[in-house]
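First the structure, in the form of structure tokens, and then the observations on it.
The values are calculated or read from the model by the stated rules, or taken from the named source; none is laboratory data. What you see is a predicted model, and the numbers here were worked out from it, not measured in a lab. Positions of Cβ are backbone-derived with ideal geometry, glycine not excepted, and every protein chain shown enters the neighbour counts.
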Amino acid sequence: MSQAYMEETGHDGPGPERTGSRFEHFVSQWRDRDVWRRGLVVAAFAALLGLLMLFHSGLPNRVGNLGSLTETFLPWLGLGIPVLLVLAVLRRSATALVALLLPIVVWANLFGGLLSDKSGKGGNLTVVSHNVNAENLDAVGTARAVAASGADIVALEELSDASRYERALAGTYKYHSVQGTVGVWSKYPLADARPVDIHMGWTRALRATVNTPQGPVAVYVAHLPSVRVKFNAGFTAGQRDNSAEALGQAIAREPVRKVVLLGDLNGTMNDRSLAPITSQLRSAQGAAGDGFGFSWPASFPMARIDQIMVRGMDPVSAWTLPETNSDHLPVAARVKI
């Protein structure tokens, strides 16, 4: 073995690569000027993602309700961030990494607060809402699961045969009212229960006064029209939007100061088309929930379209209940009247 080799390696034979040499090689690849020239396409996609989330309200609804469709699944756009991050690192692109700061900051601003548990203790009224699914073959089991939550007020939507639920809930809730395909069950006396016209041609919304020990509470139960995603028509939500406007007008005319809305609104709090409702009421999940509280579809929840919203009361906690035989998860909240 040559003396020169032994002097160079410091060993009598081949030795392992020096510690840190690979790291130093990696770092050196980020020191050249090309790190700012590489990955421009990745950087462009990162910028577009950030701008899309930042200005989502500017997306037009005139073509296939593109804006509402995007807003329904808006939190999931954040999945693009780790994908772009991996691509930026593989491309060794400083430009792409800097561009990624935009979608990261925007997503954190929009949804970062939902990642923490904001639930508190206390409250004096527990409410539950559940779309039970018209094809539910286990009405008794579903009703018992909802009653086991200990809710003072239960709202059920998509009742194809209300009598099954009436029998199952009779032992827990003394008072109830069913209007069309929606119903409300209460441990406290009900008054002035009546349908609410949301321009559908049949009854899918009601209003009732619940006389709680803390005073009257106006309870609205609603199941807004379904929306569809069609290849040739986009996000078809026209009828849902018209019903949202009608329901918002009814709530605006409500004389009782304390109001709770329970139901399947077929839209999220981010959906601009629900503004006639969401502009008047406070989301219990947004104010006092743990996480996103996705409720649909039950097998793999991707959006919270089942809402509990209040006015004149303070949400204390909000959560989803275990899966029943429905395609929706029940949602619950505790509020302080």
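Residues in segment 108-146 that are touching a helix residue (DSSP H, G or I) at 6+ places or on another chain (Cβ under 6 Å) and part of a helix (DSSP H, G or I) were compared, and the one that is nearest to Gln285 (Cα to Cα) is Phe111. Counting only residues that are free of Cβ contacts under 8 Å to residues at least 60 places away in the same chain and either under 18 Å from the mean Cα position of the chain (by Cα) or part of a helix (DSSP H, G or I) (or both), segment 252-280 holds 11 of them.
One line per residue, one yes/no per condition, for (1) assigned by TED's automatic domain parsing to the domain that holds Gly238; (2) buried (at least 16 other Cβ atoms within 10 Å of the Cβ); (3) in contact with a helix residue (DSSP H, G or I) (Cβ under 7 Å, 6 or more places away or on another chain); (4) assigned to a helix (DSSP H, G or I):
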site	(1), (2), (3), (4)
Leu48	no, no, no, yes
Met53	no, yes, yes, yes
Arg62	no, no, no, no
Leu69	no, yes, no, yes
Trp76	no, no, no, yes
Leu79	no, no, no, yes
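Annotation: of all residues in segment 146-184 being buried (at least 17 other Cβ atoms within 10 Å of the Cβ), of a type in the set (D, E, K, R) and more than 14 Å from Val127 (Cβ to Cβ), the one that is nearest to the chain's Cα centre (by Cα) is Glu158.
In contact with a Lys or Arg (Cβ under 7 Å, 6 or more places away or on another chain), surrounded by 16 or more Cβ atoms within 10 Å (Cβ to Cβ) and in the same structural domain as Met200 (by TED's automatic domain parsing): is that true of Met269 in this structure? Spell out the reasoning first.
Details: in contact with a Lys or Arg (Cβ under 7 Å, 6 or more places away or on another chain): no; surrounded by 16 or more Cβ atoms within 10 Å (Cβ to Cβ): yes; in the same structural domain as Met200 (by TED's automatic domain parsing): yes.
Answer is no for this residue.
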